[in-house]
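Single-structure report; data block below.
Values quoted throughout were computed directly from the atomic coordinates according to the rules given, and no laboratory measurement underlies them. Owing to the predicted nature of the structure, the values given are computational and were not obtained by experimental measurement. Here the Cβ positions follow ideal geometry from the backbone for every residue, glycine too, while neighbour counts run over all protein chains shown.
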Amino acid sequence: MGIFNHTCAHHLSEIINKKPFQISYFSTISSAHKIRELSNLCSKGYLKQAFETFKFDIWMNPNLFSHLIHGCISTKCILLAKQLHALTITSGCFRDKFVTNHLMNMYGKLGDLNSMLVLYNVMPKTNVMSSNILINGYVGNGDLESAHKVFDEMPERNVATWNAMVNGMMQFEENEEGLRFFSGMQREGFFPDEFALGSVLRGCAGLRALLCGRQVHGYTVKSGYEVSSIVGSALANMYMRCKSLEEGGRVIREMPVQNVVSFNTLIAGMAQNMCPEGALHHYNLMKKTGLQPDRITFVSVLSSCSELATLGQGQQIHSEVIKRGDTLVEGVVSSLISMYSKCGCLEDSIKAFTKRKDEDIVLWTSMIAAYGFHGKGEQVIELFDQMERQGLKPNEVTFLTLLYACSHCGLKDKGLEFLDLMVSKYGLSPGVEHYTCIVDLLGRSGCLSKAEEMIRTMPVKADPVIWKVLLSACKMHKNADMAMRISQEVMKLGALDAASYVLLANIQASAKRWEEVSTMRKAMKDLRVKKEPGVSWFEFRNKVYQFTMGAKTHPRWKEIDSYVKELMSEIKKCGYQPDTDSVLQDMGQDEKEESLAQHSEKLAIAFALMISPPDFPIRIMKNLRICSDCHVAIKYIAKIKEREIVVRDASRFHHFKDGTCSCGDFW
Ligand code: ZN
Ligand code: ZN
């Protein structure tokens with residue numbers, strides 16, 4: 001294809017210098033046909049040919065220059081632009097206002113703002129259109145200040161002026177400024193077009209301004225733009241980003257024409273907002289409407305399967321991926337690796353990883369995460385070594401994954417070593433998340449004061465999360481005094497939330513400081529703090545059984561209750577001691593034990609033992625971290641019942657077998 005390159009530019013300059021122009025004659029071809037052919041040649045990049053064939057017509061009708069100029073914009077060649085500019089001068093077409101406007105637009109698109117401004121300044125009389133072109137040129141190059149200046153100096157503006165300002169501000173995430181322009185526009189009686197509305201909605205999404213977004217939604221309904229697919233997708237995206245999933249879903253379902261983009265917006269929004277069921281539901285809906293999922297869809301739904309640990313559905317999507325031929329697309333492979341890992345099938349993660357086609361750091365990082373999730377510390381380190389040997393350069397995310405894996409495998413020294421390597425060998429600067437992993441690692445290993453020192457001396461600002469991580473380490477090691485001190489730090493950052501109060505109350509309870517516990521409980525009540533209820537579930541013969549603490553509404557509650565009691569007394573005989581210190585309420589020993597026995601994971605395991613055959617591997621999912629008492633109890637249960645029990649909690653897998661857990665009591 002004849003791209004107009006520098007050689008062509010040279011030819012063009014030859015033509016310019018060849019005066020007088022030889023006039024060709026085209027009387028046999030109609031002018032509409034000629035214009036079509038001219039624009040066709042220009043859009044394909046055959047500028048030289050276009051010019052030579054049609055120069056006579058161009059001279060007669062300066063507006064035809066616009067085709068050449070558009071062609072020049074797509075070649076992105078500034079030298080050629082200058083020559084076209086020179087050509088308009090020698091031909092005398094320069095005096096034509098439209099030609100000048102097109103030239104300004106060209107310079108703006110090619111980023112030569114100076115030449116654009118020079119043209120503007122020599123125009124004998126500027127009009128709204130030329131000022132708009134100037135604004136668009138500035139906006140397109142991110143010079144919002146100059147755009148603003150032109151806007152302020154304009155004696156009159158039209159709807160395009162306002163649209164350009166709204167689009168520009170939103171494009172560079174000057175969201176508040178953009179919204180101000182949007183309301184200014186309405187005040188002056190101008191109506192935004194669908195692109196400006198799309199921008200405004202993106203701005204609302206960026207600001208998480210749900211109320212404002214709803215107002216814009218109201219406007220789109222009134223103005224009839226609701227049916228536009230641009231506005232519809234932007235609306236759905238706004239609702240999803242503002243966490244109003246229901247409204248977002250409604251917008252998509254009510255759109256006259258649904259497409260892959262709109263469904264992807266919805267599915268990704270649900271997956272990212274902890275609504276994996278909704279994501280999978282809309283994935284099925286999408287397929288029912290006859291739309292073909294693409295790689296973006298696959299990434300979202302696979303992450304939802306990971307979240308829910310629904311292996312069956314994940315495998316179905318995997319076969320869909322193979323059918324669509326997307327198996328080797330990097331993002332999809334990473335999602336497959338992490339889906340299989342989170343569904344407990346590390347072997348399949350490894351399979352997906354070994355079948356990769358390209359060497360990419362994202363894939364290696366996903367595989368490191370997969371090993372980390374299963375507590376395979378050795379493999380994590382081995383994989384990292386292998387990666388370095390292959391000359392792949394780890395990035396910040398790789399290191400975060402490594403540190404996270406170390407903190408969940410109890411590899412304290414290795415973790416500190418990686419942090420050091422990150423800075424000394426790869427020149428990366430650790431962020432607060434990296435330090436959080438290290439503090440977690442030190443805290444869990446019992447090096448509480450070292451962890452505190454790390455926070456106080458690290459080069460980045462501490463956030464509430466890192467303090468809270470230390471706070472839970474204080475709980476783990478029953479250091480009530482330090483916990484009080486750390487909670488002061490969390491409070492200073494205004495971030496003492498439900499979980500922290502529960503944690504503090506727990507710490508005080510285990511130190512038997514009942515007065516403090518009741519103060520905490522009162523504070524929690526005042527704040528209407530609610531602890532997220534623990535939920536455990538498992539799949540058996542295509543049915544999901546779900547349990548919450550003290551699931552008295554379960555149809556077989558009586559059976560379950562007596563079986564749990566039996567189970568607890570059995571393991572007590574083998575040495576299990578209920579961790580009654582962690583029970584929040586000040587109550588008698590028996591009551592405390594009873595309350596511990598009703599934790600959702602114990603109920604789920606008991607029920608799984610009741611209904612499943614002896615060779616059925618018990619796999620339990622829990623929405624929160626497994627509590628220490630349940631962890632101990634399950635080790636005993638696995639031993640005396642001679643069963644393998646796998647529990648996936650909020651942070652990792654626990655494989656219980658023969659009285660031990662794969663996490664080595666580190667989670
Ligand atoms: Zn528990
Ligand atoms: Zn464990």
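Structure data summary
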{"item": "Over 22 Å between alpha carbons, listed pairs Lys376/Lys573; Lys573/Lys641; Lys478/Lys573; Lys572/Lys641; Lys243/Lys323; Lys468/Lys492", "result": "Lys376/Lys573; Lys478/Lys573; Lys243/Lys323"}
{"item": "Antiparallel DSSP beta bridges within the chain, as percent of all bridges there, nearest 5", "result": "80 percent"}
{"item": "Equivalent ellipsoid semi-axes - Cα gyration tensor, segment 283-324, angstrom", "result": "16, 11, 10"}
{"item": "Selection from Ala370, Val166, Ala509 lying farthest towards where the dipole of the chain points positive, charges on Cβ", "result": "Val166"}
{"item": "For segment 166-228 and segment 101-138, distance of Cα centres in Å", "result": "26 Å"}
{"item": "Average projected area [Cα convex hull, segment 536-661], square nanometres", "result": "7.5 nm²"}
{"item": "Point-charge dipole on Cβ atoms (K/R +1, D/E -1) for segment 59-132, about Cα centre, debye to 20", "result": "40 debye"}
{"item": "Whole-Å distance, taken between Cα centres, linking segment 542-615 and segment 387-461", "result": "38 Å"}
{"item": "Partner lysines for Lys393 [C-alpha distance under 16 Å; skip if fewer than 8 residues away on the same chain]", "result": "Lys425"}
{"item": "GluC sites (Glu not before Pro) restricted to segment 560-667 and DSSP loop, no more than 16 other C-beta within 10 Å", "result": "Glu642, Glu644"}
{"item": "For Lys109, net neighbour charge (Lys/Arg +1, Asp/Glu -1) across residues whose Cβ lies under 15 Å away", "result": "0"}
{"item": "Positive-pole candidate from Phe263, Asn237, Asn127, dipole of the chain, charges at beta carbon", "result": "Asn127"}
{"item": "Computed over the chain: relative contact order in percent, which uses C-alpha pairs under 8 Å that are six or more apart", "result": "5 percent"}
{"item": "Neighbour-count order for Ser319, Ser306, Ser595, fewest beta carbons within 10 angstrom listed first", "result": "Ser319, Ser595, Ser306"}
{"item": "Ala495-Glu188 pseudo-label distance in nm [points 7 Å out on the Cα-to-Cβ vector]", "result": "4.3 nm"}
{"item": "Linear extension gain, Glu173 paired with Gln488, 0.36 nm per residue minus alpha-carbon span", "result": "109.8 nm"}
{"item": "Rounded D (µm²/s) - the chain, Kirkwood Rh over Cα pairs, Stokes-Einstein at 25 °C, 0.890 mPa s", "result": "81 µm²/s"}
{"item": "Mean Cβ neighbour count within 10 Å, used as a protection proxy, ranking 269-280, 183-194, 220-231 highest first", "result": "269-280, 220-231, 183-194"}
{"item": "Cα-based Rg of segment 458-526 normalised by 2.2 N^0.38 Å, two decimals", "result": "1.06"}
{"item": "Theoretical gain in end-to-end length, Leu79 to Lys450 [0.36 nm per residue, Cα-Cα removed]", "result": "127.4 nm"}
{"item": "Ranked packing of 351-363, 333-345, 129-141, 444-456, most packed first, by mean Cβ within 10 Å", "result": "333-345, 129-141, 444-456, 351-363"}
{"item": "Unit charges at the beta carbon, dipole of segment 203-330: most positive-side option, Leu280, His318, Leu207", "result": "Leu207"}
{"item": "Using alpha-carbon coordinates, inclination of helix 175-187 to the longest axis of the chain, degrees", "result": "50 degrees"}
